[in-house]
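Visitor: Below you'll find the structure I mean.
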Amino acid sequence: MNEPIEIREERLSPEEYIDFLKRTDLGSQYPAERFEERIARLVRNVSVSLAARTEDGTLVGVLFGLTDFAYWLYVTDLGVDRAFTHRGIGKRLMKTAHELAGGEKDIAVYLIANENAIPFYEKIGMKKSVDVMQYSSIDWTEFTVQ
């Protein structure tokens with residue numbers, strides 16, 4: 001099952017992204033509070049929106065990011081359908097996003113990694129950072145998209 005996967009810039013609908021979350025490990029990274037409303041804002045407003053699809057159009061990978069197209073790219077979401085992992089899709093999504101934002105000579109990439117994903121990010125050459133700051137006072141009820 002190594003069918004070709006196409007990666008392209010594409011705006012997803014909230015419904016398609018929510019369905020995708022059910023098939024990935026990303027489905028537990030969002031709070032329950034106003035989930036559907038906030039997902040709709042996410043897919044509408046993110047500056048980098050990449051979709052990986054099979055020939056029949058099945059969504060099997062997503063990368064969302066924020067960038068200034070001059071210095072940095074912050075990856076907010078990177079996920080691959082559990083049935084399509086270990087095929088290089090995540091790595092290709094990262095490379096495509098990095099190039100789209102301006103390339104590795106100009107753009108630094110940042111993200112917050114789920115602890116289970118750290119080996120993947122280290123394998124593609126990312127390093128842990130100690131200089132990231134956070135401010136958050138939002139309500140956060142953990143749940144998993146099902």
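Visitor: For Ala117 and Arg44, what does the FRET efficiency come to when R0 = 30 Å and r is the distance between their Cβ atoms, rounded to the nearest 0.05? Before the final figure, lay out the partial values.
Guide: On the way: r = 25 Å, r/R0 = 0.84.
After rounding to 0.05, the efficiency reads 0.75.
Visitor: Before rounding to the nearest 500, sum -39500 (n - 2.57) across all DSSP H runs of length at least 4 in the chain and divide by the residue total; then give [θ] at 222 nm in deg cm²/dmol.
Guide: Helix-only estimate at 222 nm: -7500 deg cm²/dmol.
Visitor: Antiparallel as a % of all DSSP beta bridges within region 5-123, to the nearest 5?
Guide: 80
Visitor: Kirkwood Rh over Cα pairs of region 5-123 into Stokes-Einstein at 20 °C, 1.002 mPa s: D in µm²/s?
Guide: Translational diffusion coefficient: 148 µm²/s.
Visitor: I want the local charge near Glu16. Using Cβ-Cβ distances under 12 Å, sum +1 for each Lys or Arg and -1 for each Asp or Glu among the other residues.
Guide: Local charge sum for Glu16: +1.
Where a number appears in this text, it was derived from the coordinates with a stated rule and is not lab data. From a predicted model like this one, the values you see are computed outputs, not experimental measurements. Because the Cβ atoms are built from the backbone with ideal geometry, glycine has one as well, and the counts that use them run over all protein chains shown.
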